[in-house]
Amino acid sequence: MPSTAPTGIEDHLAGGLLVGGVVVMMTGASIPFLAPSLRETPWQSDLATIAGNPTAHVWANGLFLAAAVLTTLGLVALSLRFEGRSRPWAWMGLVTFAFAAVFGVIDRIIVMGPATLAAQQGLDETDVVVQAFSGLVEGLGVTFMIVGFFALSLYGIALARGGRSSGIGWVFVAAGILGIVLELIGGTIPAFVYVGTAALGIVTWRLGSAPTRPSYLGKERQNGSTRR
C-alpha cells in the first residue's frame, strides 16, 4: 500500500506545538528581566532573590515546565507522520526526548517547590540541604540538555532516512552532536534544545519537508501489486 501523505491538520498540530514550546520557554526566560526583584542578583542561585518575588519565580519555572510538555506533545504528533525506514528512528527520538522531558519536569518541580520553600524559610546557599538540592537540580538540567540534543540527532537521522530531506536531516544530526559537545565542555542553555525542536517543526511544517516515505517506494510497491 502506498504511503499516505500527511494532512494539513497534522502539519499544523506538530509545527504549532513545537513552535509554541519555544515561545512558552522564552516567555518564562523573560520574566527575570521583567521582575525588578529577580533582576538585581543572579536569580537562579540566590535564594534571597527568590524570596523577594516567589510568584514571578514560580511563574517562570512553571512556563519552563509547560514548554517541556508542549514540545513532547508536538513530537508525538510529528512522529506519527514518519513511515518506512524513518519511523523507528523517529520513535526512538520521541522516547529519548520524553526521558529528557521527565528530567526537565522534575528539575523545574524541585526549583518551584523546595527551592521556593527554602527561600521563604530564610535558608541560603551554605545550607547542606540547599547544596544537595542544588547539585540534584544541576545534574537534572545537564541530563535534560544532553538527552534532548541526542533526541534531536535521532530525528535528524529519521529525516535523512526518509530520502527527500536527507541534507536537512544531517544538519539536525550535526546540531544535536554539537549541542552535546558544548554542554559537556562548558554548558549551554535550555533554549538551544527548544530552538532545535522548533526548527524541526518549522522545517517539516512550513517548508514542506514531510518526513514520510519517498514517493518512489509507494510506486514500486504499487507496480509490484499490479504485476501479481
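Quick look at the values:
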read-out: Hits in segment 202-228 (condition: exposed (fewer than 12 other Cβ atoms within 10 Å of the Cβ) and either at positive phi or at pLDDT 75 or above (or both)); value: 208
read-out: Close pairs (6 angstrom Cβ cut-off, 6 or more residues apart or separate chains): under 19 Å from residue 72 (Cβ atoms) and without any contact (Cβ under 8 Å) to a residue 40 or more places away in the chain in segment 175-196, surrounded by fewer than 20 Cβ atoms within 10 Å (Cβ to Cβ) and of a type in the set (A, V, I, L, M) anywhere; value: none
read-out: Test for residue 181: is it β-branched (Val, Ile, Thr), farther than 26 Å from residue 13 by Cα and at pLDDT 90 or above; value: yes
read-out: Subset of segment 156-201 (residues that are surrounded by fewer than 21 Cβ atoms within 10 Å (Cβ to Cβ) and assigned to a loop (DSSP other than H, G, I, E, B)); value: 163, 164, 186, 187, 188, 189
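The values are calculated or read from the model by the stated rules, or taken from the named source; none is laboratory data. Bear in mind the structure is a predicted one, so any value in this text is a computation, not a measurement. All Cβ positions, even for glycine, are placed from backbone atoms using ideal geometry, and neighbour counts span all protein chains on display.
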